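To start, the structure itself, in structure tokens.
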Amino acid sequence: MLNDIPESIRLRMRALEAIDARDRLDGTPREQRLRQVPPETGRFLAFLARCAPAGAWLEIGTSAGYSTLWLALAAAEAGARIRTFELLEFKQALARETFARAGVESLVELVPGDALAHLTTVEAVGFCFLDTEKPLYGPCYESLVPKLVPGGILVADNAINHAAELAPMLARAQADARVDALVVPVGKGLLLCRRKD
């Protein structure tokens with residue numbers, strides 16, 4: 001999976017990495033940047049997703065689809081499909097382009113709009129990656145944890161570089177009797193939660 005990435009996916013990853021690097025250097029406003037995970041986080045996500053139990057695979061915050069490509073590698077091997085949510089129209093367009101160029105459209109369902117509104121209809125989640133606007137982390141966490149299957153995995157990005165802003169949600173997760181939770185220093189910091197059996 002991680003050693004034989006298809007060339008179409010590899011090329012799109014490189015293109016998005018170049019755009020992300022350029023935007024960070026030239027001072028593109030934060031709300032217009034891709035704000036994607038670094039490659040080491042992508043690899044870690046693919047590994048975790050492949051280890052997740054059977055259930056729905058979700059991603060909250062698609063951006064241009066970079067992290068989705070990493071998850072698609074795991075989905076292809078697991079026979080899974082990713083449902084990814086993105087609110088911003090310009091990022092939806094970029095994500096559609098990403099999925100078409102990478103040839104992963106059969107593995108991904110892009111859902112436009114507010115993820116919280118859609119989470120009410122989701123059940124039996126095996127894996128979820130949360131990487132959206134920080135005020136939404138707490139409400140997403142509370143909506144998702146009851147929907148995780150036993151052993152289901154919830155991963156939230158920015159647990160170190162936005163630790164102060166995410167402190168209430170991080171504390172809630174680490175004290176939540178329903179899950180085992182820890183923060184790992186991969187990329188910008190990931191909160192890992194596993195629903196107890």
inquiry  = Please pick out the residue among LEU87, LEU116, LEU58 that is in contact with a Cys (Cβ under 9 Å, 6 or more places away or on another chain), within 23 Å of LEU191 (Cα to Cα) and surrounded by fewer than 19 Cβ atoms within 10 Å (Cβ to Cβ).
reply    = LEU116
query = Any idea which residue in the stretch 1-18 is modelled with the highest pLDDT, counting only those that are in a loop (DSSP other than H, G, I, E, B) and under 19 Å from the mean Cα position of the chain (by Cα)?
reply = ILE5
remark   = Quick count over the stretch 89-144, residues being outside any helix (DSSP H, G or I) and acidic (Asp, Glu), is 5
request  = Please state which one of ALA15, ALA52 is among the small types (Gly, Ala, Ser) and buried (at least 17 other Cβ atoms within 10 Å of the Cβ).
outcome  = ALA52
query = Of everything in the stretch 1-47 that's free of Cβ contacts under 8 Å to residues at least 24 places away in the same chain and among the basic types (Lys, Arg), which residue is farthest from ALA102 (Cα to Cα)?
reply = ARG30
ask   = When you go through (1) out of contact with any Leu (no Cβ under 9 Å at 6 or more places or on another chain); (2) of a type outside the set (Phe, Trp, Tyr); (3) closer than 17 Å to ILE82 by Cα; (4) modelled with pLDDT under 95 one by one for ALA21, which number turns out not to apply?
value = (3)
inquiry  = Can you say whether GLU31 is modelled with pLDDT of 95 or more and among the charged types (D, E, K, R), as far as the supplied structure shows?
reply    = no
key: Looking only at the stretch 57-75, and only at residues there that are of a type in the set (A, V, I, L, M, F, W, C) and out of contact with any helix residue (DSSP H, G or I) (no Cβ under 6 Å at 6 or more places or on another chain), the one that is farthest from VAL149 (Cα to Cα)   = LEU58
note = Result of the Cβ filter at 7 Å on the stretch 48-75, keeping first residues that are more than 12 Å from VAL104 (Cβ to Cβ) and modelled with pLDDT of 95 or more and partners that are of a type in the set (S, T, N, Q) and in a strand (DSSP E or B), at least 6 apart or interchain, is GLU59/THR84; THR62/THR84
request  = Take the residues in the stretch 130-156 that are among the acidic types (Asp, Glu) and at pLDDT 95 or above, then tell me which one is nearest to PHE47 (Cα to Cα).
outcome  = ASP131
ask   = Looking at the stretch 183-197, which of the residues that are over 16 Å from the mean Cα position of the chain (by Cα) and over 21 Å from PRO39 (Cα atoms) is surrounded by the most Cβ atoms within 10 Å (Cβ to Cβ)?
value = ARG195
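The values are calculated or read from the model by the stated rules, or taken from the named source; none is laboratory data. These figures come from a predicted structure and were not determined experimentally. All Cβ positions, glycine included, derive from the backbone under ideal geometry; neighbour counts span all protein chains shown.
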